[in-house]
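Everything on this sheet refers to the single structure shown next.
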Amino acid sequence: MHTIQRQISRALAAGTLSLALLSAGGAGALAAEAKPKPSPSPSAMASITIKASATSVHAGGSVTFSGKTQGLKTGWPLVLQHQKGGKWIPLKATTKTKSGNTYSLTAKLNTVGNEHLRVSAVGKKVYSPAVTVNVS
């Protein structure tokens, strides 16, 4: 009789453990379904457009860059960057977003060759597409 009690105890323990595992798995599935989707970060929703006043200039000539922003507050600082050695380097040309989400900045380009330029929102990972200006 001692053996039968042991077998019954083992069967009950195994059944309880199985039930607990199934319940936990079901609860885990419900918890996974109940998780809210993360909202996109503000910088993922922000954007900058760019237009250059000229596609070619003589060395030392000025080009005005203008465009619109979306998702950036009025007064947000922007900086012009150029690509050098595969890295984006900020230039001294800066501005702030205006009401109506527009901006405009002028830069003097001295380096002869094709300059790849973009506008960046300071402190955010938000960039305009690159534009190319040929400096001769």
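The values are calculated or read from the model by the stated rules, or taken from the named source; none is laboratory data. Computed from a predicted model, the values in this text were never measured in an experiment. Heads up, the Cβs are rebuilt from the backbone with ideal geometry, glycines too, and the neighbour counts pull from every protein chain shown. Remember, those area values only see protein heavy atoms, side chains included, never the ligands or the DNA or RNA. Shrake-Rupley method; radii C 1.70, N 1.55, O 1.52, S 1.80 Å.
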In the list T74, T69, which residue meets the criterion of being touching a strand residue (DSSP E or B) at 6+ places or on another chain (Cβ under 7 Å) and farther than 15 Å from A52 by Cβ? T69
Give segment 70-85 a look and list any residue that's in contact (Cβ under 8 Å) with a residue 12 or more places away in the chain and in a strand (DSSP E or B), or say none. Q70, P77, L78, V79, L80, Q81, H82, Q83
Among G67, G100, the single one that is out of contact with any helix residue (DSSP H, G or I) (no Cβ under 8 Å at 6 or more places or on another chain) and outside any strand (DSSP E or B) is G100
Subset of segment 69-115 that is exposed (fewer than 13 other Cβ atoms within 10 Å of the Cβ) and of a type in the set (A, V, I, L, M) - its residue that is nearest to the chain's Cα centre (by Cα): I89
Scanning segment 116-130 for residues that are open to solvent by 30 Å² or more (accessible area, probe 1.4 Å) and of a type outside the set (K, R), the one nearest to the chain's Cα centre (by Cα) turns out to be Y127
Is it the case that V112 is touching a strand residue (DSSP E or B) at 6+ places or on another chain (Cβ under 6 Å) and touching a residue at least 60 places away in the same chain (Cβ under 8 Å)? no
